[in-house]
Amino acid sequence: NKQVILVSYPKDWVIEDNLRIEETDIHLSLKPGCGHVLLQTLWASVDPYLRWRMQESKEGLYAQPFQLGKPIVVRAVSKVIASDHQEIHVGEFVAGPISLGEYALVEGGQGLWKVDPNLAPLSYYLGLLGAPGLTAWAGLNLIGEPKPGDEFFVSAAAGAVGLVVGQLAKLKGCRVVGSVGSDDKVELLKKEFGYDDAFNYKKEVNWDATLGKYFPQGIDIYFENVGGRMLEAVLNHINLNGRIPVCGMLSSYNQEWTEQEGVRNLQNILEKCVKMQGFIVSHHFHHLSTYIQEVAGYLKEGKIKYKEHVTEGLENFAKSFIGMLKGANFGKVVVHISDP
Ligand code: NDP
């Protein structure tokens, strides 16, 4: 069984040598009575929080650091090929965290949920119909409280979460603008994904002036994916009673920006009575089945579009991960490992 092992912690950017494919002697037979589930990995999800878990010092509530010499743990869609679990049966499809490899053994079926291959392609359960989609929904609705006519801004707008949240905000009647790292992404967001506007943050580098240009009426909701200097600029343009769902802080994952540098303009939070609140998607999994029904409906009716960035093969996982962190993707990054 080939697995993806963490061999060293990255210093700043992840490099391919931080991960290695190893043939492991994982014991694939089931021990009766343990509730084990043996899975064949079909699709693996590539997510920014994996970078966060590759830091030795990052003990915390969110997730524990990965251990050196052990496989990294990712979200995947898998096929059940053997089971000692009462509710999970051979031939079914499940999503959930696994030790990344061609096969995985999950004790007690922990964290696994069944997915329906008839509702949508299986890989969608790692994106639109999985954690990133639910992240977009929860941050927008539970914290952002969108109203028709609200001015909505999202950073990392062409990624897994960004692409969904922008479209959901649009369905709520907001005016939606996103920031992204290339002109091609700007065009796609406007032409195919219904964004009212978008800008390339690598080109329009005076973000304070840029936000003034794209938001002459100010910002009511900022869906925060990057933190750092972008947050600082947004605070100068946030409206009275503005809301900031804090979803992620991409600019600090590679230490491009560090907390020691500080965020300026915080006084705006007080003066403009801004609600700024972080959230973690796993606290909202009880909404997942309702969310899936709602969004699968939008997908069928053509009210929401979805895009994936697919890489082939376990051996290309590291490449795909590095590419995602550097912005090579448009939409949700997934790695195709095998067919059922
Ligand atoms: P994406 O698919 O958006 O991929 C990351 C993208 O971020 C890249 O494509 C890149 O695109 C952009 N990016 C990378 N570095 C920077 C930077 N320094 N400044 C601005 N943009 C940058 O990832 P996800 O949609 O999966 O995740 C988006 C955010 O949501 C992350 O912060 C993630 O941690 C967070 N998240 C939080 C969850 C929660 O429970 N709170 C759950 C899931 C995700 P570009 O070309 O535009 O630069």
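The values are calculated or read from the model by the stated rules, or taken from the named source; none is laboratory data. Predicted model, so just to flag it, every value in this text is computed and none were measured. With ideal geometry, Cβ positions are generated from the backbone for all residues, glycine too; neighbour counts draw on all protein chains shown.
Note down all Cβ pairs under 7 Å where the first residue falls in the range 268-293 and is in contact (Cβ under 8 Å) with a residue 60 or more places away in the chain, the second is loosely packed, with under 13 Cβ neighbours inside 10 Å, and they're at least six residues apart or on different chains.
These pairs meet every condition: Ile280/Tyr62.
Tell me yes or no: at least one residue of the range 103-119 is under 15 Å from the mean Cα position of the chain (by Cα), in the same structural domain as Ile81 (by TED's automatic domain parsing) and more than 10 Å from the ligand (Cβ to nearest atom).
No, there is no match, as no residue in the range 103-119 is under 15 Å from the mean Cα position of the chain (by Cα), in the same structural domain as Ile81 (by TED's automatic domain parsing) and more than 10 Å from the ligand (Cβ to nearest atom).
Taking the range 160-197 on its own, how many of its residues are within 11 Å of the ligand (Cβ to nearest atom), surrounded by fewer than 23 Cβ atoms within 10 Å (Cβ to Cβ) and outside any helix (DSSP H, G or I)?
2
Being at pLDDT 95 or above, within 16 Å of the ligand (Cβ to nearest atom) and not basic (Lys, Arg) is the filter here; which residues of the range 228-247 pass it?
Met230, Leu231, Glu232, Ala233, Val234, Ile244, Pro245, Val246, Cys247
Which members of the range 198-213 meet the condition of being within 18 Å of Arg264 (Cβ to Cβ) and exposed (fewer than 14 other Cβ atoms within 10 Å of the Cβ)?
Hits for the range 198-213 are Val205, Asn206, Ala209.
How many residues are among the charged types (D, E, K, R) and not in a loop (DSSP other than H, G, I, E, B) when one looks only at the range 108-120?
1
Residue under question is Phe153, and the condition is that it be buried (at least 24 other Cβ atoms within 10 Å of the Cβ) and in contact with a His (Cβ under 9 Å, 6 or more places away or on another chain); does it hold?
Against the criterion (buried (at least 24 other Cβ atoms within 10 Å of the Cβ) and in contact with a His (Cβ under 9 Å, 6 or more places away or on another chain)), Phe153 qualifies.
Going by the conditions given, is Asn241 in contact (Cβ under 8 Å) with a residue 12 or more places away in the chain, at positive phi and touching a Cys at 6+ places or on another chain (Cβ under 8 Å)?
Yes.
Taking only the range 94-119 into account, find how many residues are surrounded by fewer than 19 Cβ atoms within 10 Å (Cβ to Cβ), touching a residue at least 40 places away in the same chain (Cβ under 8 Å) and at negative phi.
4
Of the residues in the range 16-49, how many are modelled with pLDDT of 85 or more and touching a helix residue (DSSP H, G or I) at 6+ places or on another chain (Cβ under 7 Å)?
12
Residue-wise test of (1) among the hydrophobic types (A, V, I, L, M, F, W, C); (2) within 21 Å of Asn18 (Cα to Cα).
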| residue | (1), (2) |
| --- | --- |
| Ile292 | yes, no |
| Ile304 | yes, no |
| Lys307 | no, no |
| Leu314 | yes, yes |
| Ala328 | yes, yes |
| Lys332 | no, no |
| Asp339 | no, no |
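When you scan the range 123-137, how many residues do you find that are touching a Cys at 6+ places or on another chain (Cβ under 9 Å) and either aromatic (Phe, Trp, Tyr) or more than 8 Å from the ligand (Cβ to nearest atom) (or both)?
Residues in the range 123-137 being touching a Cys at 6+ places or on another chain (Cβ under 9 Å) and either aromatic (Phe, Trp, Tyr) or more than 8 Å from the ligand (Cβ to nearest atom) (or both): 1 in total.
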